[in-house]
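Working notes, beginning with the structure itself.
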Amino acid sequence: MEKGQIDRRDFLKLGTGLAGSLIIAGGLSRYAIAADNAPIGTWPAGASGDSVFIGMAVPRTGTYAAQGEDELKGWQLAIEHLNSGHPLIKKISPKTKKGVLGKTVKYGVSDSAAKPNLAVQAAQRFISEDKAILITGATSSAVAVALNKVAQREHVLYVTGISGSNDTTGKDCVRYGFRQCFYGEMAANALGPVLIKAYGKNRKMAFMTPDYTYGHTTTKSMNDYLSEKGGWKMVTNQVSPLGAPDFSSYLTNIANSGAEILINVNWGHDAVLSTQQAKQFGLLPRMKLAFPYQIPFLAKEVGPEITKDVYAATDFWWTLADKYPLAKMFVQEFQKKYGYRPEWTAENGYMSIAMWADAVENAGTFYPPDVIKSFEAGRTLQSMVGEVHMRAADHQMVRPVIIVKGKAPKAMKNNEDFWEVTEVVPGEPLLQKPDAFGCVLGSYT
């Protein structure tokens, strides 16, 4: 059992039926009847005791496992900080004291292996057996889209964790789902100008694209921006399945395409393998390389000799501790607990839990429609990258995108100093109009 995970036998003692949820400590639960609301989702049962439960579906095996484990550490640290009333969590959620609305936060973890069916099964178990008041987890946008649907159907709140597809808060948006990280369109609008400035106009580009919603929407956004603003031409788009063991056929096609720049949209271990093999095939450094997403642990695994001078967009990099006080606190706390500086997957996980806590504290209840409306109020939150807020129309966090450039080995100040932050791009101008990608939020009840 994960540390902090509720024992199912203990949970049963809390009373999962309506009667058990209404009568506690010799009185009536204010969450059940104070606002005279009918039960919905796991409420009020999931908030009737002295603790609440979060269900986490995260890849711990498969091609996204390393990133999933880092994200999980971010969630775990956030929950530890909530339960102890740590100063960092209070900077993001000022009304937090200890726990959330005074209740201890417990959690369960299930390995999704980045597969939507496994994530959905895990979420359903957390909801039915543990009365989860919140579910989280993605890393794969296919998982995020699937869990969006579960959340809306079951009326249980969902914060995505990592999801880079335009669709997550686009055509697949839901009233019960929220995303704080950046995504394909934001990446394109932030990184595109940098690439055009660095490499000029009218260049030939090749894409490597994972065959699911994140890959397709991110490639489209990058291609649309670079072709429209820079006159760049896509000469080939090599689409591969998740977890492909060998990229040689795709790289051969790229080598024969005449491309000058390789834009690798792959993620996780797929990004590592495809980049390593691009080097073996002689495509690098003959071609310039760019990543719409700075994949956590990529530089460490492929080596800074390959990532030097490579541009990427990212959610967070640990040297932002020099610029933002909360980033400094987070990096210090994370490194103290886990022995390494956090990647942006961990920062994303921490922030997802923290913003949920802030929404609940300001709602004054776990009643889902009220928590949703609290999210939608658009309060300015402090974060590891400065001030952010939630956009009510599509439940997308308005936040900056960080541009990084790979350091040469001789420029690294320590063994984790892989990237230099070159720009912090304000978020508002990077977002499309809320309905541009087909977002129609569902009902509250």
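The values are calculated or read from the model by the stated rules, or taken from the named source; none is laboratory data. For clarity, every value in this text was computed on a predicted model and none was experimentally measured. FYI the Cβ positions are ideal-geometry reconstructions off the backbone, even for glycines, and counts take in every protein chain you see. Note: areas computed on protein heavy atoms with side chains; ligands, DNA, RNA excluded. Shrake-Rupley method; radii C 1.70, N 1.55, O 1.52, S 1.80 Å.
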Output the peptides 191-201, 134-144 sorted from most to least packed, where packing is the average of other Cβ atoms within 10 Å over each peptide's residues. 134-144, 191-201
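Multiply the residue gap between SER84 and ARG125 by 0.36 nm, knock off their C-alpha separation, and tell me the result in nm, one decimal place. Don't jump to the answer; show the numbers that get you there.
Details: separation 41, 0.36 × 41 = 14.76 nm, distance 2.76 nm.
Full-extension gain reported as 12.0 nm.
Quick check on packing: order 387-394, 248-255 by the mean number of other C-beta atoms within 10 Å, highest mean leading. Intermediate results must be reported in sequence, preceding the final value.
Numbers: 387-394: 18.5, 248-255: 16.8.
Listed from highest to lowest mean packing, they are 387-394, 248-255.
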Members of LYS171/LYS407; LYS90/LYS373; LYS95/LYS337 lying beyond 27 Å, as alpha-carbon distances in this model show: LYS171/LYS407
Here the range 397-412 yields Karplus 3J(HN,Hα) values (6.51, -1.76, 1.60; θ = phi - 60°; whole Hz; Gly and Pro given as x) of 5, 8, 8, x, 10, 9, 9, 10, 10, x, 8, 6, x, 5, 8, 6
Let's test the formula: R0 of 22 Å, r as the Cβ-Cβ distance of THR380 and LYS323. What FRET efficiency results, to the nearest 0.05? 0.75
Go ahead and set up a Gaussian network model of the chain, Cα springs under 10 Å, then flag whichever of THR314, THR104, THR218 fluctuates most. THR104
When the Debye formula is applied to the Cα atoms of the range 186-325, each taken as the same point scatterer, what base-10 log of I(q)/I(0) results at q = 0.09, 0.19 Å⁻¹? -0.24, -1.13
Quick check on my link table: of LYS98/LYS433; LYS149/LYS233; LYS328/LYS410; LYS197/LYS220, which ones sit more than 28 Å apart, alpha carbon to alpha carbon? LYS98/LYS433; LYS149/LYS233
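R0 = 51 Å: FRET efficiency of TYR340 with ALA38, Cβ-based, nearest 0.05? Write down the numbers at each step before the final one.
Numbers: r = 47 Å, r/R0 = 0.93.
Working from the Cβ atoms, E equals 0.60.
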Spelling it out for LEU289: with amide H atoms placed in the peptide plane at 1.01 Å from N, the residues 5 or more places away or on another chain with amide H under 5 Å from its amide H are LEU262
Once label points are set 7 Å from the Cα along Cα→Cβ at both LYS373 and GLN280, what is their separation, rounded to one decimal in nm? 5.8 nm
Rh (Kirkwood, all Cα-Cα pairs) for the chain, Å, reads 22.1 Å
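In what sequence, highest mean first, do 374-380, 109-115 appear when ranked by Cβ atoms within 10 angstrom? Spell out each step's value before the answer.
Working: 374-380: 16.0, 109-115: 22.7.
Highest-to-lowest ranking by the protection proxy: 109-115, 374-380.
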Shape of the range 257-393, Cα gyration tensor, a/c cut at 1.5: prolate
Roughly speaking, what is the stretch gain from ARG60 to LYS201, that is 0.36 nm per residue apart minus the C-alpha to C-alpha distance, in nm to one decimal? 46.6 nm
Using the membrane-span-like helix rule (whole DSSP H runs, Cα extent along the own axis of at least 15 Å, mean Kyte-Doolittle hydropathy at least 0.0), which helices of the chain qualify? 141-154, 184-199
Under the 7 Å Cα-to-Cβ spin-label approximation, SER227 and GLU387 lie apart by a distance in nanometres of 3.8 nm
Cα-based convex hull, the range 258-333, per residue volume (Å³, whole number): 100 Å³
In Å², and per residue, what accessible area does the chain have when probed at 1.4 Å with the other protein chains present? 37 Å²
Whole angstrom only: what separates the Cα centroid of the range 327-384 from the Cα centroid of the range 91-162? 14 Å
Extent of the range 144-251 along each principal axis, from alpha carbon coordinates, in Å, largest to smallest? 49, 32, 18
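Report the antiparallel proportion of the DSSP beta bridges in the chain as a percent, rounded to a multiple of 5.
On the way: 20 of 53 bridges.
Among the beta bridges of the chain, antiparallel pairing accounts for roughly 40 percent.
When the dipole is taken about the Cα centre of the chain, and only Lys, Arg (+1) and Asp, Glu (-1) are charged at their Cβ, what size is it in debye, to the nearest 20?
Details: 48 positive and 42 negative charges, 99 e Å.
Its charge dipole is roughly 480 debye.
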Of GLY137, ALA244, ALA299, farthest towards positive along the dipole that unit charges on Lys, Arg, Asp, Glu beta carbons give the chain: ALA299
Along the charge dipole of the range 320-445, Cβ charges K/R +1 and D/E -1, which of PHE334, VAL388, TRP356 sits furthest on the positive end? PHE334
I'd like the Kirkwood hydrodynamic radius of the range 86-215, using the inverse of the mean 1/r over distinct C-alpha pairs, in Å. 16.8 Å
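Can you give the extra length, in nm with one decimal, that the chain gains between ALA436 and GLU420 once fully stretched, where that is 0.36 nm per residue apart less the Cα-Cα distance? Walk me through the numbers before you get to the answer.
Values: separation 16, 0.36 × 16 = 5.76 nm, distance 3.29 nm.
Length gained, ALA436 through GLU420: 2.5 nm.
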